[in-house]
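Here's the structure we're looking at; comments come further down.
The values are calculated or read from the model by the stated rules, or taken from the named source; none is laboratory data. Bear in mind the structure is a predicted one, so any value in this text is a computation, not a measurement. Cβ placement follows ideal geometry from the backbone for every residue including glycine, while neighbour counts extend to all protein chains displayed. Side chains included, ligands, DNA and RNA excluded: accessible areas come from the protein's heavy atoms. Shrake-Rupley method; radii C 1.70, N 1.55, O 1.52, S 1.80 Å.
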Amino acid sequence: MFRESIKNMAAYRPGEQPLPGQRLIKLNTNENPYPPSPRVRRAVAKVMAGSALRLYPAPRADEFVDSAAKLYSIPQNMILAGNGSDELLAMVFRATLGEGDTVAYPVPTYSLYDTLALVQEARILHIPLGGDFALPLDALADARANLTIVCSPNSPSGTLTPARDLGVLAKRLDGRLLVIDEAYVDFAGDNALRLVRRHRNVVVLRTLSKSYSLAGMRLGLCFAHPSVIDALMKVKDSYNLSRVALAAGAEALRDAAWMRRNVAKVIRTRAHTEARLRKLGFEVPSSQANFVLARIRGRDMAPVARGLRRAGILVRHFATPLLQDALRISIGTPAEMNALFKALEPLARATPSKSKPRVRARAG
Ligand SMILES: *Cc1c(COP(=O)(O)O)cnc(C)c1O
């Protein structure tokens, strides 16, 4: 019934989503622990109150795009709205990659890229990140892939690639498309949005799922040269965003101050979380996102993730060679992080690291 490539590929595995009524502390899919702006609720109520839902939504998401144009000072013809940035990624893959074409990205990173590439029957070039998760700039440039993707801040490392390096990469790719996935950039000190004005081959992707606390509404934004936007538009579903989502997204961007206050809280909790994890013996790269990667070299973290799950706390463990000794932990409220550490401390001490057996100073 299906294409060979679809039969053979593994499905994307999203993090666990609790069932209705299940009370779990959710630190596994990087949602925001704080609610969206109350203005979003009012905007949604207004849509629901009238009979607007009888009609199709605006195919180009005008109200949402207009709001984004004002907030980011970017012309409307350089913006495309998506049903989450996952949909925008799917559009990019569909528009750029056919069978045998190449797509390159540093790894470890967001595993949806693999899924989308396999659907297109594209050839995947995994370029290992350097020490400290540094961008492998030369290897990416030399790969000359049809499509290159850099996730910055990267998931799951939380590390940011300097915009200057991304500008250099864009230039060296010589007209080939460079997608910069900035899903977490509102939690970072810098961003690369300015590159879309200088480079016709740069696409910047944003989402309202994380910093704007709207993962359930499915809202993403794509910024690029108007010719790139026009091409992506051809592979877009006609009415990809509902009227409800459009109103919510437009209003959320008008109240960016609300988002910034939540982001400031998350960043404070992130600093405490990093310090506490390091005290417990974890290696933690300095994060520019709303999660941290906690690692103990050589020690399988699957049992720790299972122990946390039994204590009602969800974190993300990736059973891959590069990441099996690490946990990705979303930043929750201070109370949620206290609950995490209460459960994590005994688990982290339970089995000593295989690579570094500890010599106990105290007897007994
Ligand atoms: C969450 C995430 C996305 C997808 O965001 P949605 O807008 O919810 O689809 C894209 N890229 C990365 C790296 C993410 O972590």
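In the range 199-232, which residues are away from the ligand (no atom under 11 Å from the Cβ) and more than 25 Å from GLY167 (Cα to Cα)?
SER213
What is the one condition in (1) of a type outside the set (Asp, Glu); (2) without any contact (Cβ under 8 Å) to a residue 40 or more places away in the chain; (3) closer than 16 Å to ARG206 by Cα that ASN32 does not satisfy?
The single condition ASN32 does not satisfy is (2).
Just wondering, is there one or more residues in the range 44-66 that are open to solvent by less than 30 Å² (accessible area, probe 1.4 Å), touching a Gly at 6+ places or on another chain (Cβ under 7 Å) and within 16 Å of the ligand (Cβ to nearest atom)?
Scanning the range 44-66, I find at least one residue that is open to solvent by less than 30 Å² (accessible area, probe 1.4 Å), touching a Gly at 6+ places or on another chain (Cβ under 7 Å) and within 16 Å of the ligand (Cβ to nearest atom), so the answer is yes.
So which residues in the range 259-270 are farther than 12 Å from ASP186 by Cβ and surrounded by 14 or more Cβ atoms within 10 Å (Cβ to Cβ)?
Scanning the range 259-270 gives LYS265, THR269, ARG270.
Would you pick out the residues in the range 279-301 that are under 25 Å from LYS210 (Cα atoms) and without any contact (Cβ under 8 Å) to a residue 12 or more places away in the chain?
VAL284
Would you mind finding the one in ARG316, ARG306, ARG295, ARG328 that is in contact with an Asp or Glu (Cβ under 6 Å, 6 or more places away or on another chain) and among the charged types (D, E, K, R)?
The unique qualifying residue is ARG295.
Just checking, which of ALA145, ALA81, ALA69, ALA90 is within 17 Å of THR207 (Cα to Cα), open to solvent by less than 30 Å² (accessible area, probe 1.4 Å), away from the ligand (no atom under 16 Å from the Cβ) and not basic (Lys, Arg)? It would help to see each step written out before you state the result.
Working: ALA145 fails: within 17 Å of THR207 (Cα to Cα); ALA81 fails: away from the ligand (no atom under 16 Å from the Cβ); ALA90 fails: away from the ligand (no atom under 16 Å from the Cβ).
None of the other options fit; the residue is ALA69.
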